[in-house]
Amino acid sequence: MNKTKRVGLSTIAAFAMAACTFATLGMANGISANAEAVEPTPAAEGWYIVGNGAGSLSESSWTDYVPAFKLDGAAGRVGTFTYENLSLYEGDAFKLLYANGEWAYPNDSGWTADVTGQFSNLATNIDGYFVNGGLGNIQVTEAGEGIYDLTLTVSATGISLAYERTGSVVPIEQEKMYVVGSLQNYEDCNWPGAVDVATCCPAMTLNKVTGKWSVRLELMEGDIFKVYNLVNNAYFPSGVNNDCVIEEEGNYLVEYETKAPSFTVTNVETGDVVYPVAS
């Protein structure tokens, strides 16, 4: 993950900080010595769904084990585990992680195989409901939208994830695109988790004829950013070490096309495409 003048959160959001339009929530007044002691939160244990999305996964997280997303099953890593009524929309992404008392942090290549149920562990994908969304994430296709029951089978030697689509989802608005990151001319903007994206970062506009989202921005050398879907909390491109970095001050056209998908940044004055970088 690239370092910027502020904390970079481009792939896995860090702990939430106060949004730029909100008052900071903290402990400025301290805690009374007479206050009742707070019991520590029990350490998570078991298999959990982690991810982001417009359906059920809007309540999930890439940085925490959310109790509502724990799979049912016996204690321990090995066994059969189930989760019912997971609503998924196109672009939603997730994987399954085994919690052994503490958060398992990934490296740049993702989580290790012994604690992960991911795209490569799908028992079948003959319907084409899912694709590899990067780092092994299970990402939903347009054909894959629906409500699912999941069955995770874990043995001492392998992991298998089966699914059954049990219903359809109600159509919803699935995209609200923004430019997010460290932008010198847009000082309130930052990476999601650090700010309220809708009020702090440049919004993109959808051309319904071309199917492209776009915005023109005055950018400075050293600006670093991606595009971000506020509906399902997804970045494009996903992954790490692939942010757009501006090398020359100027007026730029930022475009994102859903179906391709593609993300391009063009210097309006020169016509040069500066992202993606030509190989």
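The values are calculated or read from the model by the stated rules, or taken from the named source; none is laboratory data. Bear in mind the structure is a predicted one, so any value in this text is a computation, not a measurement. Neighbour counts are summed over all protein chains in view; Cβ atoms, including those assigned to glycine, are modelled from backbone coordinates with ideal geometry. Side chains included, ligands, DNA and RNA excluded: accessible areas come from the protein's heavy atoms. Shrake-Rupley method; radii C 1.70, N 1.55, O 1.52, S 1.80 Å.
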Protein-only accessible surface order, largest first, of L253, L122, L217 at 1.4 Å: L253, L122, L217
Tensor-based shape of region 188-279 (alpha-carbon gyration tensor, a/c under 1.5 rounded, otherwise prolate or oblate): rounded
Calculated FRET value between V78 and A143, using beta carbons and R₀ = 45 Å, to 0.05: 0.85
Length-normalised contact order of region 80-237 in % [C-alpha pairs under 8 Å, at least 6 apart]: 21
Hull volume in cubic angstrom per residue (convex hull over the Cα atoms of region 122-279): 160
Probe 1.4 Å - accessible area at S58, Å² to nearest ten: 50
For region 85-99, Karplus couplings with θ = phi - 60° (6.51, -1.76, 1.60), whole Hz, Gly/Pro x: 6, 8, 8, 10, 10, 3, x, 4, 9, 7, 8, 10, 10, 8, 9
Rounded to the nearest 10 Å², the accessible area of V274 at probe 1.4 Å: 50
Proximal charge balance of A143 [Cβ under 12 Å; K/R count +1, D/E count -1]: -3
Residues with amide H under 5 Å from that of M204, placed H, sequence gap 5 or more: M177, Y178, V179
